Amino acid sequence: MNKKILVIVATLLTVAMLATPVMAIGPSKAAEVRKNPHLSYMPFPGGVMSFLDTPYDNSILWVTRTEQPDFIFFLMTASKGQGKMNNAIIASGANWFNITSKPADYANKWIYLSGESGGNTWDNPFDDPDVGSHGMFYWQLRAMGMPNATAYEDALLHPDGVYRQLVRTGA
């Protein structure tokens, strides 16, 4: 009888340990340790961005904010889109303010953000100082708080643009 109870307790304890998520400490805490060269961490006023650069041109960006809901972006290089372009919303200067001001309307939808090469670039009329015309991926990075030089440098790494999907994790 005692052995049965011991086996049941040991089984339940094992299942509980296996069910505990590996990233339970959160992506920003894992990035702070700085042992994974593919995981970067950038504090900003009001929160923290953690960026996981995975193989095959896929990336995950966690944004943890103190005053607003957290969110996650899935990013995929356009050349690896695997048919997502057939259903993706194409971001442009005409719909950009709607995409950024109403994120809940675009949650869990793939959006194509153009790169620095080719067409579909846009010159934001409200940027000060004026940084010129850039692809929509650059403007996404700027909307997330990246400075001009950093956003431009990262955008140049994706000349064909990226697909992004926003997942809201907070209320």
Check your understanding: Restricting attention to segment 22-36, does a residue exist that is over 24 Å from Met136 (Cα atoms), part of a loop (DSSP other than H, G, I, E, B) and at pLDDT 70 or above?
Key -> no
When every residue in segment 107-165 that is modelled with pLDDT under 80 and within 17 Å of the chain's Cα centre (by Cα) is compared, the one farthest from Thr77 (Cα to Cα) is Gly145
The condition from (1) within 16 Å of the chain's Cα centre (by Cα); (2) farther than 21 Å from Glu153 by Cβ that Asn87 misses is numbered (1)
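The values are calculated or read from the model by the stated rules, or taken from the named source; none is laboratory data. Source: prediction; values computed, not measured. Because the Cβ atoms are built from the backbone with ideal geometry, glycine has one as well, and the counts that use them run over all protein chains shown.
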